[in-house]
1. Within 14 Å of the ligand (Cβ to nearest atom) and at pLDDT 90 or above, is that true of residue 94?
2. Could you tell me whether residue 261 is more than 16 Å from the ligand (Cβ to nearest atom) and within 21 Å of residue 298 (Cβ to Cβ)?
3. Could you list, in sequence order, all residues of the range 314-350 that are outside the structural domain of residue 256 (by TED's automatic domain parsing), at pLDDT 95 or above and surrounded by fewer than 15 Cβ atoms within 10 Å (Cβ to Cβ)?
4. If you scan the range 312-323, which residues turn out to be touching a residue at least 60 places away in the same chain (Cβ under 8 Å) and over 16 Å from residue 18 (Cβ atoms)?
5. Among the residues of the range 130-146, count how many are more than 9 Å from the ligand (Cβ to nearest atom), surrounded by fewer than 16 Cβ atoms within 10 Å (Cβ to Cβ) and in contact (Cβ under 8 Å) with a residue 40 or more places away in the chain.
6. Could you check the range 108-129 and list, in sequence order, the residues that are more than 9 Å from the ligand (Cβ to nearest atom) and in contact with a strand residue (DSSP E or B) (Cβ under 9 Å, 6 or more places away or on another chain)?
7. Can you tell which of 172, 167 is in contact with a strand residue (DSSP E or B) (Cβ under 6 Å, 6 or more places away or on another chain), buried (at least 18 other Cβ atoms within 10 Å of the Cβ) and modelled with pLDDT under 90?
8. May I ask you to verify whether residue 367 is farther than 19 Å from residue 200 by Cα and surrounded by fewer than 17 Cβ atoms within 10 Å (Cβ to Cβ)?
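The values are calculated or read from the model by the stated rules, or taken from the named source; none is laboratory data. Remember, it's a predicted structure, so these values are computed and weren't measured experimentally. For neighbour counting, all protein chains shown are included, and Cβ atoms are generated from backbone atoms with ideal geometry for every residue, glycine included.
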Ligand SMILES: Cc1cc2nc3c(=O)[nH]c(=O)nc-3n(C[C@H](O)[C@H](O)[C@H](O)COP(=O)(O)OP(=O)(O)OC[C@H]3O[C@@H](n4cnc5c(N)ncnc54)[C@H](O)[C@@H]3O)c2cc1C
């Protein structure tokens, strides 16, 4: 990736500016952020008519490439991160490049499977947005999520995995013994086995003006790209480990208030984070509270929170709220009913599947699903998206490795019966 230096010129509270910074940070790309505060600065530095010019933010890559208000896909293409699949078909296709997908990629490729990974947003998944992972074995001083993702990506690529960033799997089909998956860009990926490692997506607050302030003061996730540039009072919503890490990260230079719905943090937070939060004077924890209203014009200016038992409300002036309240599994690419999920939407696999509901259809050979295999033969689920998985980086990485070993068993079981020299069915 030798694209040269990246400089982004934009105004404060610009949603696209945040998306670009977040995307580059999570993909471990260094960049310089130049915040424009007057029309004159915008004219001189970005050569646009003023701060309100819709062509902002401007991304300058290397000596000559200028992208005005680029979409993330345009940016990924300019940085040469998005390339079409190299081969007509693969042994293993992996959707999602979080810890589960990256681990599956490096095991799959190192064990001789022709492996492709398709990642919608940024390599590293949720872990990539984490300011510091302290409980991953082998890193006694902790490691940033972005650095862990960068290392895993390099390792997987060195071992031969192909990784496409900016590709989104939107539907899949099991036909003639092949897994056929379609990307939002219209391309088809054919593979003999597939691993779904699409993780979870942040839950929304469900507030009236949420959309008005999305990425203009209201952010989902821990905001690891923002800690250096956030000024004033930062509000974190949530009481789990991700919220705790975000609070500690921002507390280095901002006053932080955590709005926590539960009675206390000790039930939801790891002990080491709890101790640090208690020792950090710039963090205030308000338990039994919830965020109820957002105010502002162009960008967020203040919020109201409510005490859940007394109903009393209070306001905080803040331009930065980070919401870390967990999420829901990302399975919207699957046909309803074909992929069997639990009531919360997590993918059922192996012995968690009701075998009587699998008879017939695609399960004509009467075998039981392998461990981690879903209701679709040859499609495995790994990491946070899987029912009953442990929501941790190490567990997701372990899941990815195990899913590859199960994929080997599946490929051995079907090799001579279905494939031979066969090619995927025509499109
Ligand atoms: C802020 C934060 C801090 C955390 N801190 C820690 C910690 O300190 N220690 C710890 O052990 N765990 C931590 N966790 C939890 C840990 O990050 C997750 O358990 C882990 O990332 C799950 O990995 P995964 O690969 O299953 O899914 P994810 O990390 O969610 O990755 C899934 C990937 O799939 C991609 N994707 C989704 N849909 C599609 C699609 N249709 N097509 C292509 N790609 C798709 C997503 O863009 C994403 O990159 C933290 C989580 C958060 C949010």
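1. Working: within 14 Å of the ligand (Cβ to nearest atom): yes; at pLDDT 90 or above: yes.
The answer is yes for residue 94.
2. no
3. Passing the criteria: none in range.
4. Within the range 312-323, 316, 317 qualify.
5. Of the residues in the range 130-146, 1 are more than 9 Å from the ligand (Cβ to nearest atom), surrounded by fewer than 16 Cβ atoms within 10 Å (Cβ to Cβ) and in contact (Cβ under 8 Å) with a residue 40 or more places away in the chain.
6. Within the range 108-129, 108, 109, 112, 113, 114, 115, 116 meet the criteria.
7. 167
8. yes
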